[in-house]
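Input: a single structure, listed below in structure tokens.
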Amino acid sequence: MAPREIIKLPDKRLRLVSEPVKRIDAGIRALVDDMFETMYAAPGIGLAGIQIGIPKRVVVMDLSKKDEGQKPQVFINPEIVWTSEEKSTHEEGCLSIPDYYEEVERPNAVKVKYLDLEGGTHEVAAEGLFATCIQHEIDHTNGVLFIDHISKLKRDRVVKKFAKAAKKKVEA
Ligand code: K1U
Ligand code: ZN
């Protein structure tokens, strides 16, 4: 197990559409271990494979509260199969866009179909933070970022800021 580097805006790999996992083997289990280590170290509450440069449809999450034990969750090939008409707005952040938070409107509730690490199929209903986070992570598997759900003005501003910081880093 090893924490991996989290790729950041404006890295173009964040726009890749990730490939479905065909076989859950030792490589996928090692990837999941590394993703948890990376997510907990960040720290964050979710992570998609592409955020560590692996374009596979693998998502990890842990929505446990500070005073609880860890509650790791793995979603392989997650797919939204139902969304509520009702929308709600929550503040989101992203480990690939550090220190930037913005309100995002999304369906209030979703149902998600996914595989577990043993290859079993599940369908789970999500609302509140669970719904926000799983939609954010599934977006990552499709090359979509939470800033795609905010105004163009705000998005252009944050993209420009991160492009400038990346240019400075190259020049240093
Ligand atoms: O996918 C990611 O970039 C992870 C992201 C998940 C997320 C957070 C909030 C709303 C939607 C999706 C994060 O984990 S950002 C960091 C964060 O929210 C956090 C960090 C430490 C403690 C609690 C929260
Ligand atoms: Zn993110």
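The values are calculated or read from the model by the stated rules, or taken from the named source; none is laboratory data. Please read all numbers here as calculations on a predicted model, not as lab measurements. Note that we place each Cβ from the backbone using ideal geometry, even for glycine, and neighbour counts take in every protein chain shown.
Out of all the residues in region 62-87, which are in contact with a helix residue (DSSP H, G or I) (Cβ under 8 Å, 6 or more places away or on another chain) and touching a residue at least 40 places away in the same chain (Cβ under 8 Å)?
Answer for region 62-87, where residues must be in contact with a helix residue (DSSP H, G or I) (Cβ under 8 Å, 6 or more places away or on another chain) and touching a residue at least 40 places away in the same chain (Cβ under 8 Å): L63, V74, F75, I76, P78, E79, I80.
Being within 15 Å of ligand 2 (Cβ to nearest atom) and among the aromatic types (F, W, Y): is that true of Y101 here? If you could, list the steps in order and put the result at the bottom.
Details: within 15 Å of ligand 2 (Cβ to nearest atom): yes; among the aromatic types (F, W, Y): yes.
The answer is yes for Y101.
Tell me which residues, restricted to region 120-153, are acidic (D, E) and within 19 Å of D62 (Cβ to Cβ). Even if it seems obvious, please write down each step before you answer.
Taking region 120-153 as the starting set, the residues that turn out to be acidic (D, E) are 123, 127, 137, 139, 148.
Within region 120-153, E127, E137, D139 qualify.
Got at least one residue in region 150-157 being within 21 Å of the chain's Cα centre (by Cα), loosely packed, with under 12 Cβ neighbours inside 10 Å, more than 14 Å from ligand 1 (Cβ to nearest atom) and not in a helix (DSSP H, G or I)?
Scanning region 150-157 turns up at least one residue that is within 21 Å of the chain's Cα centre (by Cα), loosely packed, with under 12 Cβ neighbours inside 10 Å, more than 14 Å from ligand 1 (Cβ to nearest atom) and not in a helix (DSSP H, G or I).
Would a scan of region 112-130 turn up a residue that is basic (K, R) and either away from ligand 2 (no atom under 14 Å from the Cβ) or more than 30 Å from K164 (Cβ to Cβ) (or both)?
We begin by selecting, within region 112-130, every residue basic (K, R); these are 113.
From the residues that got through so far, the ones that are either away from ligand 2 (no atom under 14 Å from the Cβ) or more than 30 Å from K164 (Cβ to Cβ) (or both) too are 113.
Yes - at least one qualifying residue is present in region 112-130.
Could you list, in sequence order, all residues of region 46-57 that are in contact (Cβ under 8 Å) with a residue 40 or more places away in the chain and under 13 Å from F75 (Cβ atoms)? First the steps, then the outcome.
So the first thing to find is which residues in region 46-57 are in contact (Cβ under 8 Å) with a residue 40 or more places away in the chain, and the list is 46-53, 55, 57.
Matches in region 46-57: G46, L47, A48, G49, R57.
Is at least one residue of region 22-45 touching a residue at least 60 places away in the same chain (Cβ under 8 Å), within 14 Å of ligand 2 (Cβ to nearest atom) and surrounded by 12 or more Cβ atoms within 10 Å (Cβ to Cβ)?
Going through region 22-45, the residues touching a residue at least 60 places away in the same chain (Cβ under 8 Å) turn out to be 24, 28-29, 32, 45.
Cutting the leftovers down to within 14 Å of ligand 2 (Cβ to nearest atom) gives us 45.
When the remaining residues are screened for being surrounded by 12 or more Cβ atoms within 10 Å (Cβ to Cβ), the result is 45.
Taking every residue of region 22-45 in turn, at least one turns out to be touching a residue at least 60 places away in the same chain (Cβ under 8 Å), within 14 Å of ligand 2 (Cβ to nearest atom) and surrounded by 12 or more Cβ atoms within 10 Å (Cβ to Cβ).
Pull up region 158-170, narrow it to residues that are within 19 Å of the chain's Cα centre (by Cα) and of a type in the set (V, I, T), then point me to the one that is farthest from ligand 1 (Cβ to nearest atom).
Taking region 158-170 first, the residues within 19 Å of the chain's Cα centre (by Cα) are 158-159, 162.
From the residues that got through so far, the ones that are of a type in the set (V, I, T) too are 158-159.
Details: V158: 14, V159: 16 Å.
Going through the qualifying residues, I end up with V159.
Inside region 101-149, can you point out the residues that are part of a strand (DSSP E or B), within 14 Å of ligand 1 (Cβ to nearest atom) and not aliphatic (A, V, I, L, M)?
Once the filter is applied, which keeps residues that are part of a strand (DSSP E or B), within 14 Å of ligand 1 (Cβ to nearest atom) and not aliphatic (A, V, I, L, M), region 101-149 yields E102, E103, E105, R106, P107, E127.
List every residue pair whose Cβ atoms lie under 9 Å apart, where the two residues are 6 or more positions apart in sequence or sit on different chains, the first residue falls within region 98-119 and is under 20 Å from V60 (Cβ atoms) and surrounded by fewer than 18 Cβ atoms within 10 Å (Cβ to Cβ), and the second residue, located anywhere, is modelled with pLDDT of 95 or more and of a type in the set (S, T, Y).
K111/T83; K113/T121
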